[in-house]
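Trainee: Here's a structure for you.
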Amino acid sequence: MLELAILGLLHESPMHGYELRKQLTTKLGAFRFAISYGSLYPTLRRLQADGWITEGAPTADMPASAEEVPLLTGKRGRVVYTITAEGKERFQDLLSAAGPETYDSEAGFGVHFAFFARTDPSTRLRILEGRRRRVEERREGMRDVLSRAAERLDAYTLELQRHGLDACEREVRWLEELIANERNGTTPEPPSAQDPERSS
């Protein structure tokens, strides 16, 4: 998933490692996708070894200058990473995947969803339907726990289970709306000030 995220961001523009980590956190933060330098730089080295990205010195038109890169990131923070033609092909291959790895985990789904604008409609629909099945399974499991064991749970554990169930139900509704949009050939509407539930 980190490979897809890095290639997707570098497809948009070359970046320093520091800026890349910041963009990863910004773009994927809603899906709790934590990125550390300890996982980022080994992945960057592997992508470079595979020929999917290259590294070079910063240029004058880079969005983040060397002075803006924190000293704690060291010399590696001043390297600029650029996607190659082979890396763009690899990115497209990863985008076309629609197996369980794209919807089973929150992070996997989040990374793919972040690049849905570049994904073909049929793949988007398969991923959304797969994600809905997984969340519905989790929701039914929580309902089962609440129906069979609610009286044996303390008040806080019971509230946690209810919170999880509410979150699942909200996600299923959201996914069903997205699936309906895909089938109708429409894109999601941005949240409005008049609709606090969608904007929260």
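The values are calculated or read from the model by the stated rules, or taken from the named source; none is laboratory data. From a predicted model like this one, the values you see are computed outputs, not experimental measurements. Glycine also receives a Cβ, built like all others from the backbone with ideal geometry; neighbour counts cover every protein chain displayed. Heads up: the accessible areas ignore ligands, DNA and RNA and are worked out on the full protein's heavy atoms, side chains in. Shrake-Rupley method; radii C 1.70, N 1.55, O 1.52, S 1.80 Å.
Trainee: Quick check on the range 162-182: of everything there that is over 17 Å from residue 133 (Cα atoms) and open to solvent by 50 Å² or more (accessible area, probe 1.4 Å), which residue is modelled with the lowest pLDDT?
Mentor: Going through the qualifying residues, I end up with 162.
Trainee: Identify, please: which residue in the range 115-142 is open to solvent by 50 Å² or more (accessible area, probe 1.4 Å) and touching a residue at least 60 places away in the same chain (Cβ under 8 Å) and is, among those, nearest to the chain's Cα centre (by Cα)?
Mentor: Going through the qualifying residues, I end up with 118.
Trainee: Among the residues of the range 143-153, count how many are open to solvent by 70 Å² or more (accessible area, probe 1.4 Å), of a type outside the set (Ser, Thr, Tyr) and at pLDDT below 90.
Mentor: Adding up the residues that qualify gives 3.
Trainee: Determine whether residue 96 is among the small types (Gly, Ala, Ser), open to solvent by 30 Å² or more (accessible area, probe 1.4 Å) and under 15 Å from residue 181 (Cα atoms).
Mentor: Working: among the small types (Gly, Ala, Ser): yes; open to solvent by 30 Å² or more (accessible area, probe 1.4 Å): yes; under 15 Å from residue 181 (Cα atoms): no.
For residue 96, the condition - among the small types (Gly, Ala, Ser), open to solvent by 30 Å² or more (accessible area, probe 1.4 Å) and under 15 Å from residue 181 (Cα atoms) - is not met.
Trainee: If you don't mind, there's one more thing I want to ask. Which helices (runs of 4 or more DSSP H) does the range 1-100 wholly contain that include 2 or more residues that are more than 25 Å from residue 128 (Cβ to Cβ) and at pLDDT 85 or above?
Mentor: In the range 1-100, the matching helices (runs of 4 or more DSSP H) lie at 17-28, 37-49, 85-95.
Trainee: Taking the condition under 30 Å from residue 52 (Cβ atoms), out of contact with any Cys (no Cβ under 7 Å at 6 or more places or on another chain), surrounded by 12 or more Cβ atoms within 10 Å (Cβ to Cβ) and β-branched (Val, Ile, Thr), does residue 84 pass?
Mentor: Spelling it out, residue 84 is indeed under 30 Å from residue 52 (Cβ atoms), out of contact with any Cys (no Cβ under 7 Å at 6 or more places or on another chain), surrounded by 12 or more Cβ atoms within 10 Å (Cβ to Cβ) and β-branched (Val, Ile, Thr).
Trainee: Taking interchain pairs and intrachain pairs at least six residues apart, which have beta carbon atoms under 6 angstrom, with the first residue in the range 78-97 and over 16 Å from residue 116 (Cα atoms) and touching a residue at least 24 places away in the same chain (Cβ under 8 Å) and the second surrounded by fewer than 20 Cβ atoms within 10 Å (Cβ to Cβ) and of a type outside the set (Val, Ile, Thr)?
Mentor: Partner pairs satisfying both residue conditions: 78/66; 79/55; 80/56; 80/58; 81/55; 83/11; 86/51.
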